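I have placed the structure first, in the form of structure tokens, so that the comments after it can refer back to it.
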């Protein structure tokens, strides 16, 4: 059986690739893809944690009740990710209609300087 | 009778259900009547629904709870209920000041109000729950509604740009938050913050996994409360968003995020050697850097963005000094500061929303001239709110700051005390700058009758509530402190 750490390493690698992607890429669609990748990395770690239950071997005196299930969380994350992307693509369309270009470099999205 | 008995355990969910139904009702009204109804009728619908929610909140007595689902997921304590009350009330005030503004901006979208009520629902979930799943859902419901609301104007490219930036950064940070949730879950086996706290205290539990989880969780939530290294989105979003939404962002959204941070800090108190000093430094930078940045801004909205960041720093100081010294310090300090800050900001943005032009969301300082001539009440509100933010003694803002300072001294957080005093001193300058500009009488300025035409009932009401809250606060306070026995 593949140990839990393999899943965790894979998920952290995916997570940080996504993070780097959001911070460095300039194309909105790629940025959304990177955010999706981060969320899916989280999903992977949730599923792995729920399957392996690492807390059981730690010997708590108070065992947590089995009502919190990480796999249910995964469903919520997928729903939220879909909603976020729907709003995001709508916004990209709105910006495109006003400016006719969609990249986040110096021509379009720099009228606000934070 | 059986049906009633079935519903009894869920009665404490009424405040949330009312807020949700308000949003749905507005959409249904929109579907039936199309564009025939004026915006004010939707605003009234929202106000009525929220008043029902407040009433059900006041009548909820914590007697009967469903111990299987209800209690573990949504169980506001008395502190949380006060925060919920403040948030609902502030949202009603924002709604009252918004309809004329939306007409001016030609935003004929009743969806605005349903999104506003659902955003409030998200904020309520964040405040009322101690379950990471529900807190996460609250964060997302709040943020996704706010992404849309920020970019709701269709003439202004800046608005969409602000919405887009907010979306990308918010999406990134919610992924970070989730990663933290997954680690916390993985190493404790629960989403329930109470159980996590129990495990940490009873088992002397500190494994690396849960520390990593804590760092990610805090990062995600501190982004929402715009603390120093994660504040870069703040001025852009504040500037691009419609004035009403700026007001919402700096009051309800910020309060909800603070409340979530507070719950997190309480839970992870035993691991304080991991987070305490980084956190203190972040708060110091939030306050000092925030005031310095506010000082150099040329746009009032951007200045207020940094000002709200600074006030967030004060709130966090209060929260931290409570968390450090739970036995001796009272929660009412935080409540008083949050209430006064929220009501003051609402009054302020209410006046400012009458001053922005039709086609642009920018508000340079020069646009504040002549306010005194057009609306005496608006001018007076601005002056009172600014003096309260500065901390002139008889006003509410002074009381809030004073209580937080004395709490911080009690918990021996001297670096924070010094930073807070420095930042208050700097903030005096830029708040007085606003007072100077609104009192200036520039002969060549032509604001026309715009402001006069926008004085609605809501405008007067919000101003009066805001002024009276700030002025009366110190007198009511004595009563508060007597109750809590400080």
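Read-outs: derived from the displayed coordinates by stated rules, not from any lab. What you see is a predicted model, and the numbers here were worked out from it, not measured in a lab. Glycine also receives a Cβ, built like all others from the backbone with ideal geometry; neighbour counts cover every protein chain displayed.
Ignore the peptide's own chain and count Cβ atoms of other chains within 10 Å of each Cβ in B:129-140; give me the average, rounded.
The per-residue average across the peptide is 2.
From the helices alone, meaning DSSP H stretches of at least four residues, give me the mean residue ellipticity at 222 nm for chain B, per-run term -39500 (n - 2.57), in deg cm²/dmol to the nearest 500.
After summing the helix terms and dividing by the residues of chain B, the value is -25000 deg cm²/dmol.
Per residue and in cubic angstrom, what volume does the convex hull of the Cα atoms of the protein assembly as shown have?
158 Å³
Sort out for me the Cα centre separation of region B:188-266 from region B:6-43, rounded to whole Å.
Each part's Cα centre sits 29 Å from the other's.
What is the average number of partner chain Cβ atoms found within 10 Å of a Cβ in B:150-160?
Mean shielding by partner chains, rounded to a whole number: 4.
If region B:103-232 were replaced by its equivalent ellipsoid, with semi-axes equal to the square roots of 5 times the Cα gyration tensor eigenvalues, what would those be, largest first, whole Å?
Here the semi-axes work out to 35, 16, 9 Å.
Averaging sequence separations of C-alpha pairs under 8 Å and six or more residues apart, then dividing by the length of chain B, give the relative contact order as a whole percent.
Here the relative contact order equals 15 percent.
Can you pull the mean other chain C-beta count within 10 Å for peptide A:32-44?
4
So what are region B:2-484's ellipsoid semi-axes, whole angstrom, largest first, if each one is the square root of 5 times an eigenvalue of the alpha-carbon gyration tensor?
Taking √(5λ) for each eigenvalue gives 34, 28, 21 Å, largest first.
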